[in-house]
Amino acid sequence: MVRVLVPSGALGLNYDAVALQRGIAAKPDIIAIDGGSTDSGPAYLGRGMSKYARSSTKVEWAGLMQARADAGCPLVIGTAGTCGADSAVDWMLDITREIAAEQGRPVKVAVLRSSQHPAEMAQAFTQGRVTPLPNAPDVDAALIESCSNIVALAGAEQITEALNTGADIIIAGRTTDTAIIAALPLQRGCHAGGAWHGAKIGECGALCATNPQSGVILIDFDAEGFTVTPLADGAKATPHTVSAHMLYENSDPFILHEPGGYLDVSKAKYQPLNDTSVRVTGSEWVPSERYTVKLEGARGAGFQTVTMALLRDERYVQNAQIWADDIVGKCSAKVVDRLHLKSDAFSIEIRLLGHSASFGMLETKQITPTEICAMGIVTAKSEGLSQEIAKLLNPYLLHHPLTQEEEVPTFAFLFSPPEMPRGEVFEFTLNHVLQLENPMDAFTLEVHEIG
Amino acid sequence: MKLARLGDIVQKVRSKNAGPFWLTIDIFCGDSDVYDQVVNTLSTRQVAQVFDVATQEIKRFDIADLNVVKFSLPRPFIQGARMDRDIHGASWAALLAESELSP
């Protein structure tokens, strides 16, 4: 049997300290926590940085490093620093060094890196080793090469290699959410379907139980399946909460693709063991012929400046869409004229907050609110250009009338100056897999003795 | 007769990213009667119309064990792209919850 302690769905979301102590007392074989995902958008991968505050990450990681020492088992974090790019891994390693020094406890740290060279990935694409998944955007070698960061998602094989170094702590770059939990049970010969299924159920911590905010869960893996037990007061797993978690952020609730194969849970059986634990058997692991890893890439998509005005006059609120469309048309023409830009070299959009900003053309509710915020979003090739265009937009947001005949209106502004630079913005570019001869081909492993 | 809105008869409709390129929508019906009603009256075509995607692009799962109907579809815009309006994909559920079921 292999016992995995999962403190939380992600480092940075906090965990229940009392429940964590219960987990340590239960003598886990490994403590595994996820450090990120793509869910917060492309900017983190694009910039290679973490979403969570360093202060928060440090406090929680220090607690887990202490827990590791108390439990006498390895600690592993996957997708370190939200995106798992090398710069985010280094950020996490730096925090780990600080804590090791403060705790006065030397540790052996294995670092698994997942960053890929864009030029090498462009070459792999040209050679046909990078292939698209459903709904992949159109890419070519030049576009892949223009990515600021590309990461490959490590699976259980690479985490196993890191475990084999005998490290106390493993800081992994981008991994699948499940790999860090599944690796040790797989290495020790637990049921493969159960290992991957238990890992999927456990990857968000206590989201698979009642009292989902509590975070901490324990998963026992064995030769037939797994048992999941939430550890916080009042948290209970039921067959319903556990099986329902397969739906979460998953486009297919029965199939989960991983490096080296896929998990099929369509025949899984969920049984309550007692008031809080659920036992799961019957999950299947289906190995694939080729070993592939998923790639994630992000590239700069221009620089943005945002500006906003408030419409409160009833007639303008009622006709806000007409007003906004008129401004976008007239201002875009002015940008072409004054800055000698082609019309596809920039974009001006006005989103009507309180009216149709959530769904745009798909909005079905046609009501007139009391007020509307008109948010102008300007995107262009450089910071300076996006601000220049936003300044050309300013007079329209301040004074644009619905008709030529009426007195010039003035709309409310919240700030001076009203233009808010957002810096460089990013976009996801890859929904592809990379074919590998050997699982470690796209990854590197290094070991540091620190503290 | 006023038609029932999906959100008024089920426990919860939630939507979320399934990666940057897919959106997934889970309809928790609560019990088997409501589940049967949703399965029989909410067509995949209607869901396609709400989100303006082709019907054949939608994956549908009727999960009787959980009284859940699940739809997955290509994201209206890639997550975080310039025209995307919802980084986490969480508000799209409202559009479906507000749509009316056929009698």
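The values are calculated or read from the model by the stated rules, or taken from the named source; none is laboratory data. These numbers were taken from a predicted model, which means no experiment stands behind them. Neighbour counts are summed over all protein chains in view; Cβ atoms, including those assigned to glycine, are modelled from backbone coordinates with ideal geometry. Ligands, DNA and RNA are stripped out before the accessible areas are found, and what is left, the full protein with its side chains, is counted by its heavy atoms. Shrake-Rupley method; radii C 1.70, N 1.55, O 1.52, S 1.80 Å.
Residues of the range A:429-447 being over 15 Å from A:Arg174 (Cα atoms) and either touching a helix residue (DSSP H, G or I) at 6+ places or on another chain (Cβ under 7 Å) or of a type in the set (A, V, I, L, M) (or both), which ones? Once the filter is applied, which keeps residues that are over 15 Å from A:Arg174 (Cα atoms) and either touching a helix residue (DSSP H, G or I) at 6+ places or on another chain (Cβ under 7 Å) or of a type in the set (A, V, I, L, M) (or both), the range A:429-447 yields A:Thr429, A:Leu436, A:Val447. If you check A:Ala141, A:Ala136 for being touching a Phe, Trp or Tyr at 6+ places or on another chain (Cβ under 8 Å), open to solvent by 10 Å² or more (accessible area, probe 1.4 Å) and touching a residue at least 60 places away in the same chain (Cβ under 8 Å), only one passes: A:Ala136. In the set A:Leu393, A:Leu353, only one residue is open to solvent by less than 20 Å² (accessible area, probe 1.4 Å) and of a type in the set (A, V, I, L, M, F, W, C); that residue is A:Leu393.
For the range A:105-130, the set of residues classified as open to solvent by less than 60 Å² (accessible area, probe 1.4 Å) and either under 23 Å from the mean Cα position of the chain (by Cα) or closer than 22 Å to A:Ser37 by Cβ (or both) consists of A:Ala110, A:Val111, A:Leu112, A:Arg113, A:Ser114, A:Ser115, A:Gln116, A:Pro118, A:Met121, A:Val130, listed by residue number.
Pairing residues of the range A:270-298 that are small (Gly, Ala, Ser) with residues that are open to solvent by 40 Å² or more (accessible area, probe 1.4 Å), at Cβ distances under 6 Å and at least 6 apart in sequence or on separate chains, gives A:Gly282/A:Lys267; A:Gly282/A:Lys269. Could you identify the single residue in B:Ser43, B:Ser91, B:Ser72, B:Ser15 that is more than 10 Å from the chain's Cα centre (by Cα) and either within 30 Å of A:Gln304 (Cα to Cα) or within 8 Å of another protein chain (Cβ to nearest Cβ) (or both)? Matching residue, one of B:Ser43, B:Ser91, B:Ser72, B:Ser15: B:Ser91.
Say we look at the range A:422-437 and pick out the residues that are more than 13 Å from every other protein chain (Cβ to nearest Cβ) and within 16 Å of A:Gly261 (Cα to Cα); which of these is least open to solvent (accessible area, probe 1.4 Å)? Only one residue tops the list, namely A:Leu434. Condition check: touching a strand residue (DSSP E or B) at 6+ places or on another chain (Cβ under 8 Å), within 30 Å of B:Gly80 (Cα to Cα) and not in a loop (DSSP other than H, G, I, E, B). Does A:Gly81 satisfy that? Answer is yes for this residue.
Of all residues in the range A:398-419, none satisfies being open to solvent by less than 50 Å² (accessible area, probe 1.4 Å) and either among the β-branched types (Val, Ile, Thr) or under 21 Å from B:Phe77 (Cβ atoms) (or both). Among residues of the range A:356-384 being assigned to a loop (DSSP other than H, G, I, E, B) and in contact (Cβ under 8 Å) with a residue 60 or more places away in the chain, the one that is least open to solvent (accessible area, probe 1.4 Å) is A:Ser382. Among residues that are buried (at least 24 other Cβ atoms within 10 Å of the Cβ), assigned to a loop (DSSP other than H, G, I, E, B) and not basic (Lys, Arg), A:Cys190 is not included.
Going by the conditions given, is A:Gly78 buried (at least 18 other Cβ atoms within 10 Å of the Cβ), within 21 Å of A:Asn431 (Cα to Cα) and within 14 Å of chain B (Cβ to nearest Cβ)? No: the conditions fail for A:Gly78. The single residue among A:Glu419, A:Glu388, A:Glu446, A:Glu371 that is over 26 Å from A:Gln321 (Cα atoms), at pLDDT 95 or above and of a type in the set (Asp, Glu) turns out to be A:Glu446. Scanning the range A:39-72 for residues that are within 14 Å of chain B (Cβ to nearest Cβ), open to solvent by less than 20 Å² (accessible area, probe 1.4 Å) and out of contact with any Cys (no Cβ under 8 Å at 6 or more places or on another chain) turns up A:Gly41, A:Pro42, A:Gly46.
Of all residues being within 14 Å of chain B (Cβ to nearest Cβ) and open to solvent by 10 Å² or more (accessible area, probe 1.4 Å) in the range A:150-181, which is farthest from A:Asn438 (Cα to Cα)? Just the residue, please. It comes out as A:Asp177. Any residue that is in a strand (DSSP E or B) and among the small types (Gly, Ala, Ser) - is there at least one of those in the range A:45-64? Checked against the condition, which is being in a strand (DSSP E or B) and among the small types (Gly, Ala, Ser), the range A:45-64 yields no hits at all.
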